[in-house]
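Engineer: This is the structure, below, for whatever I ask next.
The values are calculated or read from the model by the stated rules, or taken from the named source; none is laboratory data. The shown structure was predicted, so the numbers you read here are calculated from the model rather than taken from an experiment. Neighbour counts run over all protein chains shown; Cβ positions are idealised from the backbone, glycine included.
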Amino acid sequence: MKLLEERIIRDGRVKEGNVLKVDSFLNHQIDIALYNEMGKEFRRLFPGDAITRILTIEASGIGIACAAAQYFHVPVVFARKTHSINLDDDVYTARVRSFTHQREYDIIVSKRYLTSEDHVLIIDDFLANGCAVNGLLELVYSAGATVEGVGIAIEKGFQKGGSLLRGRGIRVESLAVVESMDAAAGTITFRRT
């Protein structure tokens with residue numbers, strides 16, 4: 001998606017350790033117009049009517065998933081990272097390792113909001129090693145639901161997550177695939193298809 005790539009080049013910052021900071025428009029401060037265009041693009045990439053739910057993980061995926069959901073006309077369910085008193089005890093749980101936070105945590109979805117009847121589109125902001133997406137897939141499989149695909153805003157193509165998921169036969173559509181980043185030079189290159 002050219003619009004997203006241009007924004008990454010203009011406002012993204014590369015930091016040591018393969019970190020791409022896009023907090024000025026994607027995952028801290030949010031550019032709603034950009035999110036809206038991303039939502040339209042996800043709908044174009046997944047045109048069928050099978051999808052009944054969009055699943056994401058808190059927190060950065062929620063806004064993108066909501067923007068997409070308005071074009072699919074389906075609810076968004078987000079996996080929580082903490083169990084609260086207002087969450088039912090009847091839940092699906094998966095263990096996830098966070099690349100950004102360098103720690104493991106459980107993600108939780110109520111069984112009321114993910115069932116065997118669902119056809120799920122998973123949406124998230126980043127795909128690096130695939131840990132978050134694999135956790136979300138585990139929740140979907142635990143429910144007996146069907147995975148229709150995975151939509152990612154920014155994929156780090158030089159990390160293994162995308163290729164591992166595609167190797168398992170999972171449809172992954174990324175709006176921008178970063179081929180390489182150089183923190184010292186501050187450069188970013190994108191994969192061309």
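Engineer: Might you check whether a residue that is at negative phi, among the acidic types (D, E) and modelled with pLDDT under 95 occurs anywhere in region 33-46?
Structural biologist: The answer is no, given that none of the residues of region 33-46 is at negative phi, among the acidic types (D, E) and modelled with pLDDT under 95.
Engineer: Which of the strands (runs of 3 or more DSSP E) contained wholly in region 98-193 include at least 3 residues that are in contact with an Asp or Glu (Cβ under 7 Å, 6 or more places away or on another chain) and crowded, with 16+ Cβ neighbours inside 10 Å?
Structural biologist: By residue number, 119-127, 146-156, 172-182.
Engineer: Hey, any hits in region 60-81 for a residue that's out of contact with any helix residue (DSSP H, G or I) (no Cβ under 8 Å at 6 or more places or on another chain), of a type in the set (V, I, T) and in a strand (DSSP E or B)?
Structural biologist: No, region 60-81 contains no residue that is out of contact with any helix residue (DSSP H, G or I) (no Cβ under 8 Å at 6 or more places or on another chain), of a type in the set (V, I, T) and in a strand (DSSP E or B).
Engineer: With respect to I54, determine if the residue is modelled with pLDDT of 90 or more and either exposed (fewer than 15 other Cβ atoms within 10 Å of the Cβ) or not in a helix (DSSP H, G or I) (or both).
Structural biologist: yes
Engineer: Could you list all residues from region 34-57 that are more than 15 Å from the chain's Cα centre (by Cα) and either closer than 19 Å to F126 by Cα or touching a residue at least 12 places away in the same chain (Cβ under 8 Å) (or both)?
Structural biologist: Answer for region 34-57, where residues must be more than 15 Å from the chain's Cα centre (by Cα) and either closer than 19 Å to F126 by Cα or touching a residue at least 12 places away in the same chain (Cβ under 8 Å) (or both): L34, N36, E37, K40, G48, A50, I51, T52.
Engineer: Give me the pairs, please: first residue somewhere in region 173-193 and at pLDDT below 90, second residue anywhere and part of a strand (DSSP E or B) and surrounded by fewer than 17 Cβ atoms within 10 Å (Cβ to Cβ), beta-carbon distance under 9 Å, and either six or more positions apart or on two chains.
Structural biologist: So the pair list comes out as G186/R13; R192/E179.
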